[in-house]
Amino acid sequence: MTKEATLDQLKKHIEDARVCPELADQATQLVFGSGNPDAEVVFIGEAPGKQEDLTGEPFVGAAGKFLNEMLASVGMKRDDIYITNIVKYRPPNNRDPLPEEKSIFWPYLLKQLAIINPKIIVTLGRHSGQAFIKDLRISADHGQPKRMKVRFTDINPDGERDDGVQGDNEKRTEPYGNTVTGASQLLTQQSASNLDSATSIAGRQVEMTLVILPLYHPAAALYDGSLRTTLIEDFQSVPTLLQETKKELSK
Ligand code: URA
């Protein structure tokens, strides 16, 4: 099956399993992600805003236009990359995503990344960066790439009995080797409500090595002159980091 088809299946799974119904019920639609399923670079934002909720596409509003400009400045376009968010439904009134909402979507995001298998991941903003780098301080750490391992229990959206996830999906290993646990209870509850007819889920442990480049969020930088300059400067390192990572991987 192609990556595109596998991603479509995962998207359908999130909808059918009613992942995060609290947000789903208030949103127009799921904003799963868009772009090139074979992308070498994946950008990860925070959560959809109004325009994204209406169109179903991530980063189509003002922040998205700024992102497109920065991509053009390094010779890239949206078709080259894949872009998604930590949380995949719009939080009401654009409030910050809640920790439990981020935890609920975490295994689905990791599965999305496992399918695409990018060389580097660019996180946009604090929420996205801290999902991967727990003690990230965006003002100090922006523009500094980190390599890390993450581990999660695989989601099997193409199985016959695939309508739930196991409780420890969000366990992950940090670059420092700490194992972090998040909202296992929430995930268990989520699963329980969807698992009536399911027997078990593929419990395969997947481990991925990721290269994360934490950047400021374009929306935060849009109207702040000095953040804007910093973000544009940091952005210039994307192609270099990509080339270096590819070189490293080919050794
Ligand atoms: N901000 C985000 O974090 N994501 C979007 O998709 C749009 C704006």
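The values are calculated or read from the model by the stated rules, or taken from the named source; none is laboratory data. What you are looking at is a predicted structure, and each value in this text was computed from that prediction instead of being measured. As a convention, Cβ positions derive from the backbone with ideal geometry for all residues, glycine included, and neighbour counts pool all protein chains shown.
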**OP:** Out of Gly129, Gly64, Gly75, report the one residue that is part of a loop (DSSP other than H, G, I, E, B) and small (Gly, Ala, Ser).
**Re:** Gly75
Original post:
Which of the following residues is under 25 Å from Lys246 (Cα atoms) and either of a type in the set (Lys, Arg) or surrounded by fewer than 17 Cβ atoms within 10 Å (Cβ to Cβ) (or both): Glu69, Glu100?
Top reply: Glu69
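For the condition modelled with pLDDT of 50 or more and among the β-branched types (Val, Ile, Thr), what is the one hit in Thr179, Thr240, Thr199, Thr173?
After ruling out the rest, the residue left standing is Thr240.
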Original post:
Restricted to region 57-66, and to residues that are near the ligand (Cβ under 9 Å from one of its atoms) and surrounded by fewer than 24 Cβ atoms within 10 Å (Cβ to Cβ), which residue is farthest from Ala220 (Cα to Cα)?
Top reply: Glu57
Original post:
If you go through region 108-135, how many residues are within 16 Å of the ligand (Cβ to nearest atom) and touching a residue at least 12 places away in the same chain (Cβ under 8 Å)?
Top reply: 14
**OP:** Give Ile86, Ile81 a once-over and let me know the one that is closer than 21 Å to Ile115 by Cβ, within 12 Å of the ligand (Cβ to nearest atom), of a type outside the set (D, E, K, R) and under 14 Å from the mean Cα position of the chain (by Cα).
**Re:** Ile86
Subject >> Total residues in region 35-46, condition of a type in the set (Gly, Ala, Ser) and within 14 Å of the ligand (Cβ to nearest atom) >> reply: 2
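From the list Glu233, Glu244, Glu207, pick out the single residue that is more than 15 Å from the ligand (Cβ to nearest atom) and in contact with a strand residue (DSSP E or B) (Cβ under 6 Å, 6 or more places away or on another chain).
Sole residue among the options that is more than 15 Å from the ligand (Cβ to nearest atom) and in contact with a strand residue (DSSP E or B) (Cβ under 6 Å, 6 or more places away or on another chain): Glu207.
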Subject >> Sole exception among (1) in contact with a helix residue (DSSP H, G or I) (Cβ under 6 Å, 6 or more places away or on another chain); (2) closer than 20 Å to Glu52 by Cα for Glu100, by number >> reply: (2)
**OP:** Quick one: in region 47-56, of everything that is near the ligand (Cβ under 8 Å from one of its atoms) and part of a loop (DSSP other than H, G, I, E, B), which residue is nearest to Glu100 (Cα to Cα)?
**Re:** Ala47
Subject >> Which listed residue is over 19 Å from Asn94 (Cβ atoms) and within 15 Å of the ligand (Cβ to nearest atom), from Leu71, Leu10 >> reply: Leu71
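Is it true that Gly75 is within 23 Å of Tyr216 (Cβ to Cβ) and in contact (Cβ under 8 Å) with a residue 24 or more places away in the chain?
yes
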Original post:
If you go through region 19-34, how many residues are away from the ligand (no atom under 12 Å from the Cβ) and not in a loop (DSSP other than H, G, I, E, B)?
Top reply: 4
**OP:** Report whether or not Phe105 is assigned to a strand (DSSP E or B) and either more than 16 Å from the ligand (Cβ to nearest atom) or more than 22 Å from Leu242 (Cα to Cα) (or both).
**Re:** no
